[in-house]
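Contents: one structure, followed by commentary.
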Number of protein chains: 2
Amino acid sequence: MQTKEMPIRILPSPLPTKGYAAYSATSGLSPFNFERRAPGPRDVQIEIQYCGVCHSDLHFVRNEWGMSIYPLVPGHEIVGKVVETGEQVTKFRKGDIVGVGCFVNSCRTCDNCKEGLEQYCLNGAVATYNSYERDGKTITYGGYSNQIVVDHDFVLQVSNKLPLEKVAPLLCAGITTYSPLRKWGVTEGHKLGVVGLGGLGHMVVKFGVSFGAETTVFSRAQSKEADAKKLGAHHFINTSNEKDVKEAAGYFDFIVDTVSAKHDYNQYLEMLKTDGTLICVGAPPEVEPIGIFNLIMKRRRIAGSLVGGLPETQEMLDYCAEHGITSDIELIDINYINQAYERMLKSDVKYRFVIDMKTL
Amino acid sequence: MQTKEMPIRILPSPLPTKGYAAYSATSGLSPFNFERRAPGPRDVQIEIQYCGVCHSDLHFVRNEWGMSIYPLVPGHEIVGKVVETGEQVTKFRKGDIVGVGCFVNSCRTCDNCKEGLEQYCLNGAVATYNSYERDGKTITYGGYSNQIVVDHDFVLQVSNKLPLEKVAPLLCAGITTYSPLRKWGVTEGHKLGVVGLGGLGHMVVKFGVSFGAETTVFSRAQSKEADAKKLGAHHFINTSNEKDVKEAAGYFDFIVDTVSAKHDYNQYLEMLKTDGTLICVGAPPEVEPIGIFNLIMKRRRIAGSLVGGLPETQEMLDYCAEHGITSDIELIDINYINQAYERMLKSDVKYRFVIDMKTL
C-alpha cells in the first residue's frame, strides 16, 4: 500500500573514486579507493586534471598541526573539467574548465559569508580536505584524486587561455598573495618587499610587479638574486648582509612575509616606512617575539591574511587570464609525491609541484 | 671702522628660568635654575600654568630607556599664557592661552613633516625635553618649569572654555589616544575595547564614547568596573575571568592597548573580529610573543601609534573644547612630585597628576 502512495526514489549511487591518501602521520601517501557523493541538484562533478602541492598538504599528511583525520586525501589547488552538473546548476556546463580552492562550503549566512569572505566564515568554512561537510560527519577528501563533487557556489571558472597545470597553484598560492595585495591597495609608486621565494613568494613577486609596485626580494642566499630578477623583481637584498639591511631601514610601504618557519620579524618591521605594513601569510607554529616599539615609532602594522573568498578568487583568476600570470611549476607523476614532499622540505622546487592526474 | 659698517646688534639676554630637574637616575627631582633663550622672531614665550605628569617623565628621570641627559627637566603636557611673541608671530598674542605637547620642533621638510606628521619626522623631531634643538647641541628642558620659549609652529591654541589644569594632559595622553582612534576611523557601530585604565586608557574611554563606539574596559581588577562605568564605558570585562574572555572571542572591531608593562597580547587578539585591529600605544621595553596565526585566521592587525602631529593635536584640542572633554586629574604642588611618581608606579592616581606651576 505504502509503495503506491510514496513514489519510489532511486538514490543515485555514490561515485567510486581513486586517489592518494595518508593513513597515519608516518605512512606517507599511497593509493586509496573511496566514494564521493553523486552530484546533487546544486553540485558540479569535476574530473581533476591537475592538483598543486601546497606546503600545508605536507603539514596535514604528517599531522604537524595535530588535527589530521586519516585516511587523509590532500589537495586544494584543483583544476579540472566538468563532467556532470545538477539540475539547478546554470553557471557551468559539461566540458567547462573549472577550479576548486581551499573551501568547498560555508554557512552562507554569517556576516563574513554574506560579504564573500567565506574563508572567515564565522560558523567554520568546510575545507576541501580534512574537514567535515556541513552535515558534521562526512569527511572531505581533496584533490589528489581523479574526481571531486562540489557545490556550484564553490566552483570557479577557469580560462583555457592559460596552461592549466600552471593555473592550479593559483587556487591557493595565487589567491593567498593576491588577496592581501588588493586589500592593502598595493599599486604603482609603492615599494614592496617579499620574504621567502617559494610557492607563495614567487606569486607575490609576479602580482607585485603586475600591480606596478617596485618589488624587492629578501633572501639570505645570494643565489636567489638571479631567480628573483628572472621573476621580474626590481631589487634583491641579501639579508645576511647587515649593511644592506640597515640601509633599507624605513624604505618599504609593504612587506609580504610568506615564511612559515620561525624567523626574525623585527628585521622586516624596521625596513618599513611610516604607516608601512608587514603582511603575514606564512604562519609559524609558535608565537614570535615582536617589538611593539617598532610598531609605535613609525605607526607601522602587522597584518595577517588567509587565502581569499570566492568572489575575489574568481577576480584573481580572471586577472591572471587577462595578464598572462601563472605559477612556475614542476609537473610530477602522482607516484612521485612522497619524494616531492622531501624536496619541498629542502625548498628544492621552482616554485610549486603540480600533480598530473592522468598519472593516477 | 668696522663698527661703523656693521650695526651693533645687542643680543637679547637669555631668560632666567626656574624648574625641577633630575640630576641622575637616582636623584629624584629637585629645584633647578637654568636659562631659556630669549624669544626670537618666530618664538612664543609662555608662562606655564599647568604641566601634566606623564609616565614617560618617570622613565626618563630614572633613565629607564638608557638615553637620559642630565640635568633633566621633564614635562610635555604644558598649558600656559603667552607673555611675549617674536615679530613674525601673528597667530598668538600676549595673554592667549596656549599648549605645548611632546615636540617643539622638527625638520619641516621631510615627507612626514609636510603631511603634518611631525612626530614621525624622518630627520628626528625635537622632543620637548631630553632632546637637542635643531642646532644639535642645545638641550631641551620641559614643562616642570615656570616658562618655556617655543617656535610658534609648535604652539597650540587652547580654548579657555575648559578648566586648564584638566586640559594639560590632553597634550600627550589626549592626542596619543585621539590620533589612532581617528586614523582607524573608530565611530558609531564599532565595538571598542580598552586595555589599561590609566592616563591613556581613561582618555580612550572618553573619546571612544564620544565618537559613538560601544566601549568596553578590560581589567583584572573588578574594582575598576565602577570607575569604567563612571567614565562612560558601556561594558566591563574582568580578564581574570576566563569564561568572560572566551565569550568575547571575535567580538571587537578595535582594542586600544595602553599598557607599557609586559603582558599577554594574544588574549586581546583573540577578542578581535575579522579585520579587527589591536592598536598599541603603550610600549613594553622588550619584544612580546605574538601569535601570527591569530592575525592570519581572521585577517587581524596590530598597529602602533605615537602621539600625533601638530594639525591633529589642534583638531583634538578643538574637539575637546566643543564636546567638553578633559582629563580626570589630581592637581599637585610641585614639591609633591617625587611622591607622585611613587604613587604612579602603583597606579594610584585617577587618572593623571597635574602640577600647579604657581607652587614652583
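The values are calculated or read from the model by the stated rules, or taken from the named source; none is laboratory data. All of these numbers come straight from a predicted model, not from anything done at the bench. Virtual Cβ from ideal backbone geometry, glycine too; neighbours counted across all protein chains shown. What goes into the accessible areas is simple: the full protein's heavy atoms, side chains included, and nothing from ligands, DNA or RNA. Shrake-Rupley method; radii C 1.70, N 1.55, O 1.52, S 1.80 Å.
Worth pointing out:
- Copies compared at B:ASN123 - label distances in nm, ascending, label defined 7 Å from Cα in the Cβ direction: 6.0
- Relative pair counts by distance (%), Cα atoms of segment B:58-116, 10 Å bins: 17, 31, 36, 16, 0
- Spherically averaged projected area of the convex hull of Cα atoms, segment B:166-237: 4.4 nm².
- The magnitude of the dipole of chain B, with charges of +1 and -1 set on the Cβ of Lys/Arg and Asp/Glu and taken from the Cα centre, is near 80 debye.
- Cα-Cα separations in segment B:174-304 greater than 21 Å, expressed as whole percent: 32 percent
- Taking only the Cα atoms of segment B:1-115, the radius of gyration and Dmax are 17.8, 58 Å.
- With contacts taken as Cα pairs under 8 Å at a separation of at least 6 residues, segment B:197-266 carries a relative contact order of 28 percent.
- Segment A:156-193: trypsin sites (Lys or Arg not before Pro) falling in loop per DSSP and having at most 15 other Cβ within 10 Å: A:LYS161
- In segment A:103-125, comparing the full protein assembly with the chain on its own, the residues that lose 10 Å² or more of accessible surface at a 1.4 Å probe are A:ASN112, A:LEU117, A:TYR120, A:LEU122.
- For the pair B:ASN160 and A:THR187, label points projected 7 Å from Cα toward Cβ lie 4.9 nm apart.
- Dividing the summed helix terms, -39500 (n - 2.57) for each DSSP H run of n ≥ 4, by the number of residues in chain A produces a 222 nm estimate of -6500 deg cm²/dmol to the nearest 500.
- Computed in the context of the full set of protein chains, the accessible area of chain A at 1.4 Å probe radius has 50% of its extent on carbon or sulfur.
- DSSP loop chymotrypsin sites (Phe, Trp or Tyr not before Pro) with at most 14 other Cβ within 10 Å excluded, longest remaining stretch of chain B: B:66-360
- P(r), alpha carbons of segment A:249-360 - 10 Å bins starting at zero, rounded %: 12, 27, 32, 22, 6, 1
- Lysines whose Cα lies under 21 Å from that of A:LYS350, excluding same-chain neighbours fewer than 8 positions away: A:LYS166, A:LYS206, A:LYS224, A:LYS229, A:LYS230
- Residues whose placed amide H lies under 5 Å from that of B:ILE237, excluding near-sequence neighbours: B:VAL217, B:PHE218, B:SER219
- In this label model, A:LYS91 and B:ASP153 are separated by 5.5 nm, measuring between points 7 Å along each Cα→Cβ vector.
- In loop segments of segment B:54-126 as defined by DSSP, the GluC sites (Glu not before Pro) with at most 10 further C-beta atoms inside 10 Å of their C-beta are B:GLU87.
- Accessible area in square angstrom per residue, segment A:197-297, 1.4 angstrom probe: 38 Å²
- Computed label-point distance, nm, for sites B:ASP135 and A:ARG220 using a 7 Å Cα→Cβ extension: 4.9 nm
- Dimensions of the protein assembly as shown along the principal axes, based on C-alpha atoms and rounded to the nearest Å, stand at 112, 73, 42, largest first.
- Normalised contact order of chain A, rounded percent, pairs of Cα under 8 Å and 6 or more residues apart: 17 percent
- Size of the A/B contact, given as accessible area buried on both chains, probe 1.4 Å, in Å²: 3000 Å²
- Beta bridges assigned by DSSP with both partners in chain A are antiparallel in approximately 55 percent of cases.
- In straight-distance terms, cross-link reach from B:LYS114 covers every one of the aspartates and glutamates whose alpha-carbon lies under 20 Å from its own, apart from those fewer than eight places away in the same chain; here that gives A:ASP253, A:ASP275, B:GLU133, B:ASP151, B:ASP153, B:GLU312, B:GLU315.
- Rg over Rh, two decimals, segment B:51-159 (C-alpha only, Kirkwood Rh): 0.96
- GluC sites (Glu not before Pro) lying in DSSP loop within segment A:232-307, provided at most 10 other Cβ fall within 10 Å: A:GLU286
- Along each principal axis, Cα extent of segment A:210-263, largest first, Å: 28, 25, 23
- Just so you know, the Rg over Rh for chain B is 1.01, from Cα atoms, with Rh as the Kirkwood radius.
- Exposure check, 1.4 Å probe, all protein chains in place: B:MET203 carries approximately 0 Å² of accessible surface.
- Dipole of segment B:174-304 computed with +1 at Lys/Arg Cβ and -1 at Asp/Glu Cβ about the Cα centre; of B:TYR268, B:PRO284, B:ALA213, farthest Cα towards the positive end is B:ALA213.
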